[in-house]
1. Can you name the residue in the stretch 18-49 that is of a type outside the set (A, V, I, L, M, F, W, C), in a helix (DSSP H, G or I) and more than 17 Å from residue 75 (Cβ to Cβ) and, of all such residues, is nearest to the chain's Cα centre (by Cα)?
2. Answer yes or no: is there a residue in the stretch 338-358 that is modelled with pLDDT of 95 or more, in contact with a Cys (Cβ under 6 Å, 6 or more places away or on another chain) and more than 25 Å from residue 133 (Cβ to Cβ).
3. So, of the residues in the stretch 153-167 that are in contact with a helix residue (DSSP H, G or I) (Cβ under 8 Å, 6 or more places away or on another chain) and within 15 Å of residue 208 (Cα to Cα), which turns out to be surrounded by the fewest Cβ atoms within 10 Å (Cβ to Cβ)?
4. Hey, which of the strands (runs of 3 or more DSSP E) in the stretch 261-361, taking only ones fully inside, have at least 1 residues that are more than 21 Å from the chain's Cα centre (by Cα) and assigned by TED's automatic domain parsing to the domain that holds residue 231?
5. What number of residues in the stretch 56-71 are over 18 Å from residue 132 (Cβ atoms) and in contact with a strand residue (DSSP E or B) (Cβ under 7 Å, 6 or more places away or on another chain)?
6. Name the residues in the stretch 125-148 that are surrounded by fewer than 16 Cβ atoms within 10 Å (Cβ to Cβ) and either without any contact (Cβ under 8 Å) to a residue 40 or more places away in the chain or basic (Lys, Arg) (or both), would you?
7. Within the stretch 92-101, can you find the residues that are surrounded by fewer than 19 Cβ atoms within 10 Å (Cβ to Cβ) and either in contact (Cβ under 8 Å) with a residue 40 or more places away in the chain or out of contact with any strand residue (DSSP E or B) (no Cβ under 9 Å at 6 or more places or on another chain) (or both)?
8. Just a yes or no: is a residue in the stretch 184-195 in contact with a Lys or Arg (Cβ under 6 Å, 6 or more places away or on another chain), assigned to a loop (DSSP other than H, G, I, E, B), touching a residue at least 12 places away in the same chain (Cβ under 8 Å) and over 22 Å from residue 163 (Cα atoms)?
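The values are calculated or read from the model by the stated rules, or taken from the named source; none is laboratory data. Since the structure is predicted, the reported quantities are computational estimates derived from the model, not experimental observations. Don't worry about glycine lacking a Cβ; one is built from the backbone with ideal geometry, like all the others, and counts go over all protein chains shown.
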Amino acid sequence: MRATTVSDRLSRLRASLAEQSIDALLITQPENRAYMSGFTGSAGVLFISADLAAIATDFRYYEQLSIESPCFELVKVTSTFADALPELLARQPVKRLGFESDHVTVADAEEWMGAVPDAQWAPTKGLVMDMRAVKDADEIRTLSEAIRLTDEALASALAQVWPGMTERNLAWLIETYIRTHGAPVSFDIIVAAGLNGARPHARASDAPLPAGEPIVIDMGARLGGYCADLTRTICLGQPRETDRFWEIYNTVLRAQQAAEAAIRPGLTGKEVDAIAREVISEAGYGDQFGHGLGHGVGLAVHEMPRLSRLATASLVAGNVVTVEPGIYLSGWGGVRIEDVVLVTENGVEVLTKAPKDPIVA
């Protein structure tokens, strides 16, 4: 991560801490830790105050830290972070010490508080996550590359798919392409064929891919730490229930198109969700669209902001969100179509380029 990026993020976080009269913040949530410091190790605690930016971690990551986070001071942990905390606070006295209450366990909090009983502990929530919700130009470029690789992986797999191949085989084709092109997957790939498509988060199984029935594919590459998220519904050959398939598929597609056309800064996630939901409800499938319309995507595959019936926060330029309406019918299957879009000053830029024609010859 560039030093200027680290400096800018530290300045913004320090301004937020000052507004809340918090002298220092402990950051433990992995994506927040990486966002603020560039450190990608699996264990470590950031300590950020007005005058100090440090990472407390163990021997496994001393060398890695010097490479990834040269702007941060290393605090060597030889037993537990609770043991290192008194020494750290002796070097940088604070009155109010913040921690991420939506990530730290009760057991860890009790151990830390016992180690420095005189500190005033301040639970915080969302300070870094709110910063992560607005992407800068470098983040958008990295996300775009992850999305491009994801689109390519789907195209490669669909060129090899055939009826009778298992869900697991198709998922492996996709994952193999992503991994051999330099990236891990963002999450376990979903391939849900036929009746399995009625479960939005079905796991790929040994079920064979049928001809003429909907097959839901949900996938993503993680490139440079940033996640892509793509869903397409395909059909191998012409659908057996032609009218029903196209009615459901086109309803989902219209809902997505309506939402993407409406998104702009100032609109709340709840308002965007309602636009897509109205299209599906008017078609008679409102009860079969049970999840939110979308979510932010970045260092985590699910992050802020949200597009749902409960999302009251307004969108701003720089948000990157998914738009993924779906219809799920027990005894028939499901259809979901998902793009990743960038909120701009005037609307959205659709970053996902994968075709939406569901028929695979």
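1. Result: 31.
2. Yes: one or more hits.
3. Among those that are in contact with a helix residue (DSSP H, G or I) (Cβ under 8 Å, 6 or more places away or on another chain) and within 15 Å of residue 208 (Cα to Cα), it is 160.
4. 326-329, 333-336
5. Here the count works out to 4.
6. Passing the criteria: 125, 137, 141.
7. 92, 93, 95, 96
8. Within the stretch 184-195, one or more residues are in contact with a Lys or Arg (Cβ under 6 Å, 6 or more places away or on another chain), assigned to a loop (DSSP other than H, G, I, E, B), touching a residue at least 12 places away in the same chain (Cβ under 8 Å) and over 22 Å from residue 163 (Cα atoms).
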